[in-house]
1. Taking other Cβ within 10 Å of each residue's Cβ, how do 142, 148 sort, fewest first?
2. Only four residue types carry charge here, +1 at the Cβ of Lys and Arg and -1 at the Cβ of Asp and Glu. Report the dipole size of the stretch 10-78 about the Cα centre in Debye, rounded to the nearest 20.
3. Rank these for me by crowding, 48, 114, going from fewest to most other beta carbons within 10 Å.
4. Which entries of 44/73; 16/73; 111/160 show an alpha-carbon separation above 20 angstrom in the structure shown?
5. Which order results if 75, 147 are arranged by neighbouring Cβ count within 10 Å, fewest first?
6. Could you work out the relative contact order of the stretch 29-101? I mean the mean sequence separation of Cα pairs under 8 Å and 6+ apart, divided by the number of residues, in percent.
7. List the GluC sites (Glu not before Pro) within the stretch 38-93 that fall in a DSSP loop (any state other than H, G, I, E or B) and whose Cβ has at most 15 other Cβ atoms within 10 Å.
8. Hey, what did the stretch 1-123 get for relative contact order, percent, Cα under 8 Å, at least 6 apart?
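Values in this text are rule-based calculations from the coordinates and carry no lab data. Please read all numbers here as calculations on a predicted model, not as lab measurements. All Cβ positions, even for glycine, are placed from backbone atoms using ideal geometry, and neighbour counts span all protein chains on display.
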Amino acid sequence: MGLFSFESKQVKEWKKLAKSGDMEAQYHLARAYANGKGASINMKRAVDYCVQSAEQEYAPAQALLAHFYGYGKGVDKNYEEMIHWGEKAALQGYAQAQYNVGRCYEQGKGKEKDFEKAMHWYMLAAQQGRPDAAYKLGQFYEHGLGVEEDIEKAEEWYKKAAEEDTGDDAEIGNTNIDIEEKMKKDLETYEKTIFLVGDGTKLCYNTLSEAVPRLVLPPAHLIMQRASGVALAAEKMAERGLLQSPGELEPNYLRLSQAERERLEKLKQSKGD
């Protein structure tokens, strides 16, 4: 008995275009086979089409290929190849790649840690309207990472992030593979125990716990995104003899919370009065 597979009408149209070397069609096919959107998941085909498109200097495909190498999807995990393709896309002005390269420099992943270079790439991405990059700039200015500490500039970038954050992950296509992998990427580089709090926690836990073994699900009454979540983290760390400064316990948002957006909106209004 053979395995069931399917392809939508759109995928079949893309395949016709891809044969003639259409780099956009090749890219769309790579995403379709990787996401299982319009076709059965097939990472070998996803990588093959992605390479064809990326080699034609199509920035979105280069960024996607960097993602495949960074997470070992359809290929062996290879940070050198991840950086190679990610930087090619970033140098073409592709905002998502610029943000990702910034993260590599911030975390020392595939590159030597360099906050100034991370700042450079975050700035380029933020100037194109990416709220996550703007939020990173706020953090860098607030804590003096790669730049002189400047609270006023930090608030400006936090405010910009809040204004541009639509809350719908539109900048990454709103597809399962992107949203879940973005969350894993944000979490996997932390070496300490991670306490998952906030709206949607239970929905996210099963997806993330496999990839992030240090993830801890707090008791139900402490699960909401509030100070109690941080307090729980502090208590557990203290029990293990690990004392943390307030800065180290600062929440790291995958996107700005509703409360944070409201706080920044009030700050904006107060300055306008």
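1. Placing the least packed residue first, the sequence is 148, 142.
2. Dipole about the Cα centre, nearest 20: 340 debye.
3. 114, 48
4. Values: 44/73 9 Å; 16/73 25 Å; 111/160 28 Å.
Those over the limit are 16/73; 111/160.
5. Details: 75 19, 147 16.
In increasing order of surrounding Cβ atoms, one gets 147, 75.
6. On the way: 110 pairs, mean separation 15.4, N = 73.
Here the relative contact order equals 21 percent.
7. 55, 57
8. Details: 190 pairs, mean separation 17.5, N = 123.
Once divided by the residue count of the stretch 1-123, the mean separation gives 14 percent.
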